[in-house]
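For reference, the structure is listed below as structure tokens.
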DNA sequence: TATAGTACCTTGTTAAACAAGATACTGTGT
DNA sequence: ACACAGTATCTTGTTTAACAAGGTACTATA
């Protein structure tokens, strides 16, 4: 998997997951990596950035299956950021596909 | 335009242009930036990398409109790299769209 | 002569993904 | 009691590519 392709997109994918429901980090890693290979060393720092930027809030929740889980909840600011990023991704991927599809 | 989104993709876009015909750097910048904003400071180093990696060869050609143009020609190795990157992009963008489209 | 357009290049900065670790809790098998 | 797998968190240092902001130099027009 080309690591460079993921730059910036993983943030959108995480925000998109959180828009549907609160999630914890390990869960996010596992769900996304079914489709796109990612590592914990990528997601945990990303989640920290999202919190620093005010896009998410966090809370701890006990688990019977291991250590406590840190859940992430999308803030109003995070929803705005999600929608903005989603629009940018659509514009960008359309642009790429136009350029790739242009005939000689 | 989100700079992060472009990571790795610009290489594919340049290889894709060169697969159709030889081009010079300034031309590549102008054609791509109709659709996706890019700067010369990105493309010239990228072209240098492509040459270092053996994906392109170069030759100079006089111009009546300014200084000589450095044309880039895709090598066999470059064609292979193009096709590989194209496949990775298709897989990746499909994956992103699947994840973004998943229902709650 | 000076400005705009063409065409090349470089340096230093920034940002994000990653590998490779560390820590610690729960549950299962021996 | 002990080891191990699975769950769950985190950090440090490295790598890579895009970018801003410059510089150089040629042609053409005013």
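So here's what we get for this one:
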| read-out | value |
| --- | --- |
| Search result, residues across region A:27-42 that are surrounded by 14 or more Cβ atoms within 10 Å (Cβ to Cβ), under 21 Å from residue A:65 (Cα atoms) and within 10 Å of DNA strand C (Cβ to nearest atom) | A:29, A:32, A:33 |
| Wholly enclosed helices (runs of 4 or more DSSP H) of chain A bearing at least 3 residues within 11 Å of DNA strand D (Cβ to nearest atom), away from chain B (no Cβ under 11 Å) and more than 25 Å from residue B:3 (Cβ to Cβ) | A:25-32 |
| Search result, residues across region B:1-25 that are surrounded by 18 or more Cβ atoms within 10 Å (Cβ to Cβ), closer than 27 Å to residue A:87 by Cβ and more than 10 Å from the chain's Cα centre (by Cα) | B:5, B:6 |
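So that you can scan it fast, the table gives a plain yes or no per residue for (1) touching a residue at least 60 places away in the same chain (Cβ under 8 Å); (2) touching a strand residue (DSSP E or B) at 6+ places or on another chain (Cβ under 6 Å):
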position: B:26; (1), (2): no, no
position: B:35; (1), (2): no, no
position: B:44; (1), (2): no, no
position: B:49; (1), (2): no, no
position: B:61; (1), (2): no, yes
position: B:78; (1), (2): yes, yes
position: B:91; (1), (2): no, no
position: B:101; (1), (2): no, no
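Laboratory data are not the source of any read-out in this text; all were calculated from the coordinates shown. Predicted, not measured: the structure shown is a model, and the values here were computed from it. Heads up, the Cβs are rebuilt from the backbone with ideal geometry, glycines too, and the neighbour counts pull from every protein chain shown.
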